[in-house]
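What follows is a short report on a single structure.
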Amino acid sequence: MPFAWNLPYLSVFLTMVTAILLSVIPGAKRAYWITVCVSAAVTVMSLCFLSFIVRADTSYAFTMGKFPAPFGNEIKFGPLQGLLASVFAAVMCLSLLGGRAELFEDVDPKKMGLACVMLNMILASLLVLSYTNDAFTAYVFIEISTIAACALVMIKDSGPTLVATIRYLFMSLLGSGLFLFSIILLYAITGHLLMPQLHDSVSMLMADGSYTRVLALLLGMMTAGLGVKSAMFPFHRWLPDAHGTATTTSSAVLSGLVVKGYAVLLITMYCRVFTLETVRAFHIHDAVFALGFCGMILGSVMALRETHAKRMLAYSSVAQLGYVFMGLGLGTEAGVAAALFQILAHAFTKPLLFVSVGRLASTTHHDKQLRALRGSAWNCPLAGFGFGVGALSMVGIPLFGGFAAKVNFSTASIFTDSKIALTLFVLALSSVLNALYYIPALINLWSEKKPDSEKAKKDLTATLAIIGLALGVLFLGVCFTPVMDVIVRGLELM
């Protein structure tokens with residue numbers, strides 16, 4: 001076995017061991033920088049693995065422990081998994097750097113070690129949800145991610161964050177329960193938990209016409225459960241409070257990464273276990289398309305009405321996740337590939353916006369109301385630039401990742417005769433709605449500077465984060481063809 005084949009497992013192992021050690025290692029700054037270094041190391045390992053696996057043009061299963069399939073546990077790696085892991089780890093590292101100042105202000109130094117434990121566990125969960133070849137292991141790390149995410153919201157230790165955490169926890173447990181029940185039903189009728197064996201059993205049942213109602217029920221429950229956890233409309237009400245009240249790093253990680261892990265798992269279950277043909281046979285994709293359509297429009301409408309910058313960004317996440325579910329709802333490989341590209345584009349763009357708003361708010365005594373942020377970009381030009389890049393990407397201006405994502409969705413809709421007109425219409429309408437709140441917000445930031453405003457303090461880590469995230473958005477906008485090639489090939493090898 002080439003050494004590079006061990007890198008994904010070593011990445012998961014490193015993050016989990018670090019989380020365990022940080023629970024006993026003293027020192028807030030030490031815990032923070034260890035977490036930054038670990039996420040950077042995972043980024044490097046994931047990029048090395050991605051380079052190797054793309055050149056090898058293959059995928060493989062890594063058996064965990066002594067017991068082979070179907071009794072043991074497996075993780076499976078391919079070009080798509082390597083790409084997702086690289087982006088998730090890189091965005092985690094940049095989000096930590098971008099929100100460093102506010103993180104140390106908002107979090108009690110005695111709790112910083114625990115916050116870093118949760119950040120490492122979230123990164124481990126994202127890696128496992130991308131890599132796992134076992135349905136029950138996915139459920140275990142869904143729960144780990146849920147607990148860690150709730151802790152990150154609550155770590156700010158204020159009344160609004162506590163209320164938001166309770167609402168977040170209730171909705172997340174509902175989603176986890178639905179997913180668990182679907183796995184129980186799946187195991188009851190197939191006797192398997194590993195995805196290759198599940199795929200074979202489901203294919204046989206579909207061919208025989210057996211348990212079709214049970215399969216339809218559990219597939220609907222699985223879609224609803226993971227939809228609740230990834231803020232699919234109309235299960236999104238927990239997201240604005242949770243992401244809008246948390247500290248900058250938490251908001252960036254939650255909006256840019258955590259909800260994406262559940263969407264990636266749903267795509268894996270669709271493609272690796274059930275196949276898109278089965279999803280289309282039960283018309284699950286039609287329901288997902290309709291909910292994605294509603295999320296794209298109503299999420300933007302709610303963002304348009306917001307006056308708090310972070311809550312506006314949170315509602316915008318509902319709209320952007322609507323794109324992902326609309327792509328899945330097309331029910332084609334091209335639609336799934338476009339949804340995965342949207343996951344990558346949004347993973348860079350939304351943390352860039354949250355980090356930029358955090359820096360801009362530091363010049364207004366941390367007042368994040370849009371009226372208070374008027375002219376703040378003149379006191380922190382780099383953050384104003386970062387917000388501009390993120391806003392233009394969300395609107396869909398060429399050369400940015402958001403534009404490339406819309407091009408991919410438009411292209412994917414061509415393969416669906418019944419949905420092409422509606423897809424193109426909702427893409428155009430969503431772009432207009434995005435422009436109606438992002439462009440005025442951008443103009444507001446660069447308006448005449450207030451006389452009582454103050455210059456932002458120099459922060460090298462935030463500078464690196466904004467530049468890194470902005471380069472990610474630009475890279476996806478300019479070089480989206482090779483990225484899409486990796487995604488398409490990864491889906492073929494899934």
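The values are calculated or read from the model by the stated rules, or taken from the named source; none is laboratory data. Quick caveat, the model's predicted, so the values are computed rather than measured. Here the Cβ positions follow ideal geometry from the backbone for every residue, glycine too, while neighbour counts run over all protein chains shown.
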> Considering ALA40, ALA61, which residue is among the small types (Gly, Ala, Ser) and outside any helix (DSSP H, G or I)?
Replying inline: ALA61
>> Is it the case, given these coordinates, that THR35 is within 21 Å of ALA61 (Cα to Cα) and either of a type in the set (S, T, N, Q) or out of contact with any strand residue (DSSP E or B) (no Cβ under 8 Å at 6 or more places or on another chain) (or both)?
In response: no
>> If I ask for residues that are of a type in the set (S, T, N, Q) and either part of a helix (DSSP H, G or I) or over 16 Å from LEU114 (Cβ atoms) (or both), which ones from segment 1-31 would you list?
In response: ASN6, SER11, THR15, THR18
> Out of curiosity, is ILE34 at pLDDT 90 or above, assigned to a helix (DSSP H, G or I) and more than 16 Å from VAL117 (Cα to Cα)?
Replying inline: no
> If only one of LEU424, LEU476, LEU399, LEU445 is out of contact with any Lys or Arg (no Cβ under 9 Å at 6 or more places or on another chain) and over 30 Å from SER86 (Cα atoms), which one is it?
Replying inline: LEU424
>> For the condition part of a helix (DSSP H, G or I), in contact with a strand residue (DSSP E or B) (Cβ under 7 Å, 6 or more places away or on another chain) and buried (at least 18 other Cβ atoms within 10 Å of the Cβ), what is the one hit in ILE53, ILE75?
In response: ILE53
> Any chance segment 153-167 includes a residue that's closer than 30 Å to PHE77 by Cα and more than 18 Å from the chain's Cα centre (by Cα)?
Replying inline: no
>> Suppose we filter SER316, SER300, SER362, SER356 for residues that are surrounded by fewer than 24 Cβ atoms within 10 Å (Cβ to Cβ) and under 30 Å from GLY468 (Cβ atoms); which single one remains?
In response: SER362
> Are there any pairs, at least 6 apart or on different chains, whose C-beta atoms fall under 7 Å, with the first in segment 237-252 and charged (D, E, K, R) and the second surrounded by 24 or more Cβ atoms within 10 Å (Cβ to Cβ), and if so, which?
Replying inline: ASP241/ALA164
> Can you tell me which residues in segment 347-374 are modelled with pLDDT under 90 and among the polar types (S, T, N, Q)?
Replying inline: SER362, THR363, THR364, GLN369
> Counting only residues that are under 24 Å from ILE487 (Cβ atoms) and crowded, with 17+ Cβ neighbours inside 10 Å, how many does segment 412-448 have?
Replying inline: 10
>> Condition first: surrounded by 22 or more Cβ atoms within 10 Å (Cβ to Cβ) and in contact with a helix residue (DSSP H, G or I) (Cβ under 6 Å, 6 or more places away or on another chain). Now tell me which residues in segment 224-237 satisfy that.
In response: GLY225, LEU226, VAL228, LYS229, SER230, ALA231, MET232, PHE233, HIS236
>> Going by what's in this entry, would SER203 be described as touching a residue at least 40 places away in the same chain (Cβ under 8 Å), surrounded by fewer than 24 Cβ atoms within 10 Å (Cβ to Cβ) and polar (S, T, N, Q)?
In response: yes
> When you look at MET154, is it within 29 Å of ALA462 (Cβ to Cβ), touching a helix residue (DSSP H, G or I) at 6+ places or on another chain (Cβ under 7 Å) and not hydroxyl-bearing (Ser, Thr, Tyr), yes or no?
Replying inline: yes
